[in-house]
Every structure is written in C-alpha cells, then in structure tokens.
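Report on the structure given below.
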Amino acid sequence: MAAILDPNPVTYYKRYRMELDLVAPLPAVSALPAGFAWQAWEDRLLETHALVKYECFRGELDGVIFPNLSDRDGCAQLMRDIAARPGFRPESTWLVTHGDTSVATIQGVSDRAGTGCIQNVGVIPAYRGRGLGLAILLQALHGFRRYGLAKATLEVTAQNENAVRMYRQVGFRFRKTLYKLVEQSTYRLEPEWLL
Ligand SMILES: CC(C)(COP(=O)(O)OP(=O)(O)OC[C@H]1O[C@@H](n2cnc3c(N)ncnc32)[C@H](O)[C@@H]1OP(=O)(O)O)[C@@H](O)C(=O)NCCC(=O)NCCS
C-alpha cells in the first residue's frame, strides 16, 4: 500500500509565557562593557532596529517559528507594526552600539491592563556572552517601570534555553505553556530543532 504523505506536515513548538512583578525589587541596569553605548529610541532608528533584529534572529529557532524574523523585509514590517501600536513604549525600546555598529535591540509595548510586553530581544551572534542581552533586557524593564507599569510579560520558545535562563535570572517566572503550530513547508529544516 502506498504511503500517503501530508503535503504540509506541522510541528508544534512549546513556548512559555513568563511574567515579572515590576513592583518587586529589580536589578539595576548593568554597566555596558567598555566601548559599548546605549542608543535610545528615535523614529529615524526604525530601520536600524529592523536590521539588527534580522541579524539576531536569522539562523535561530525563533527565525524558523516566526519566518518574518529571518527575513529583512519581514523585520522591517514588524518594526513598523510595533512602532505604530498605541502601546508602543519608546522608554523600553533600545539599541546597544559598538562604534558605528548597532549590536543589540529590544522593543517594548504596553497593553490596556498595564502590562509591559517585551518584544524581540536580540544580540548579534559575535557580541553574545558579554552581558549585553541581560543589560538591554533590564534597560527595557526599567523603562516599563518609569512609565508606571506593574507587570512585564514575554513569550519564549522552550528550546531557547539561554533566553529562558536569562529571563529567570532577572526574576521572570513561568505562567503558561503554549504551543505554536508551524507548517514545515514554510521553513528550512534544521534537524536539531525538530521535536
Ligand atoms: C538570548 C540572547 C539575547 C542572550 O544575549 P547575550 O548577550 O548572549 O546574553 P548575556 O551575555 O547578557 O547573558 C545573560 C544570561 O543569559 C543566559 N545565557 C546567555 N547565553 C548563554 C549561554 N550560551 N549559555 C548559558 N547561558 C546563557 C545566562 O543566564 C546569562 O547570564 P550569566 O552570564 O550570568 O550566566 C542572545 O543569545 C540572542 O540574541 N539570541 C537570539 C535571539 C533570541 O533568541 N532572543 C530571545 C527571544 S525570546
């Protein structure tokens, strides 16, 4: 008997929703290593955020689960969408620069319930492991606090253990498990990522 192959097989990726109480003590924003600097949000930086986002997520599992993250135009559209949202929080939207190069990005938005939602935090691969991810995450969380938000939330792919560890380190706790369906025909297969 001939096997019947599903033309669009799907994979479910486990994701966690994590939350942080912003009223409780929060670690101070760590000092950046020598040679790195903060760049606060300005409208003219939209394309730079998009480009850094693309450099951070292409080749990563989240770039597979959310194909727009591994596509330059997809990242540009995503940044336009984020910046146009009524809850867009400039005080939680940052770049880290190294000379003329932007090497890390984060954006924040708030919802009507007064929760700050971390969007896509990323550090370009060559600059990872130096504390930049933790620093930019804390910078965004302090931005939420300055705006008066009492809670922060984010979603992370369960297999993204480095990110989960970073979030737990600042105090985020698991609240909910979600499953994101991805049609395999829409992504490039990377065997170690398959469940
Ligand atoms: C997740 C990410 C932002 C971390 O950036 P980073 O600059 O390397 O992180 P830091 O150097 O600040 O490390 C912060 C903490 O994260 C965890 N961590 C980060 N990289 C790690 C690694 N390779 N191994 C173990 N833990 C790691 C640790 O808890 C670390 O704290 P520690 O150094 O005190 O142990 C980066 O790996 C990245 O951009 N990944 C791709 C995009 C992505 O997945 N973003 C998250 C979407 S939810």
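Taking the condition in contact with a Lys or Arg (Cβ under 8 Å, 6 or more places away or on another chain), over 22 Å from residue 76 (Cβ atoms) and either more than 11 Å from the ligand (Cβ to nearest atom) or hydrophobic (A, V, I, L, M, F, W, C) (or both), does residue 115 pass?
Working: in contact with a Lys or Arg (Cβ under 8 Å, 6 or more places away or on another chain): yes; over 22 Å from residue 76 (Cβ atoms): yes; either more than 11 Å from the ligand (Cβ to nearest atom) or hydrophobic (A, V, I, L, M, F, W, C) (or both): yes.
Considered against the rule, which asks whether it is in contact with a Lys or Arg (Cβ under 8 Å, 6 or more places away or on another chain), over 22 Å from residue 76 (Cβ atoms) and either more than 11 Å from the ligand (Cβ to nearest atom) or hydrophobic (A, V, I, L, M, F, W, C) (or both), residue 115 comes out as yes.
Here the condition is being surrounded by fewer than 18 Cβ atoms within 10 Å (Cβ to Cβ), over 24 Å from residue 85 (Cβ atoms), of a type in the set (A, V, I, L, M, F, W, C) and without any contact (Cβ under 8 Å) to a residue 60 or more places away in the chain; of 24, 34, it holds for 34 alone.
Quick check, is residue 108 more than 12 Å from the ligand (Cβ to nearest atom), buried (at least 22 other Cβ atoms within 10 Å of the Cβ), modelled with pLDDT of 95 or more and small (Gly, Ala, Ser)? So residue 108 fits the description; yes.
Select from the stretch 123-172 the residues that are among the β-branched types (Val, Ile, Thr) and touching a helix residue (DSSP H, G or I) at 6+ places or on another chain (Cβ under 8 Å) and write down the one among them that is farthest from residue 63 (Cα to Cα). Restricting to residues being among the β-branched types (Val, Ile, Thr) and touching a helix residue (DSSP H, G or I) at 6+ places or on another chain (Cβ under 8 Å), the top hit is 170.
Please find, among 95, 181, the residue that is under 23 Å from residue 75 (Cα atoms), part of a strand (DSSP E or B), away from the ligand (no atom under 14 Å from the Cβ) and not small (Gly, Ala, Ser). Matching residue, one of 95, 181: 181. Being within 11 Å of the ligand (Cβ to nearest atom) and at pLDDT 95 or above: is that true of residue 131 here? Yes: the conditions hold for residue 131.
The values are calculated or read from the model by the stated rules, or taken from the named source; none is laboratory data. Everything numeric in this text was worked out from a predicted model, so none of it was measured. Positions of Cβ are generated from backbone atoms using ideal geometry, with glycine treated the same way; all protein chains shown enter the neighbour counts.
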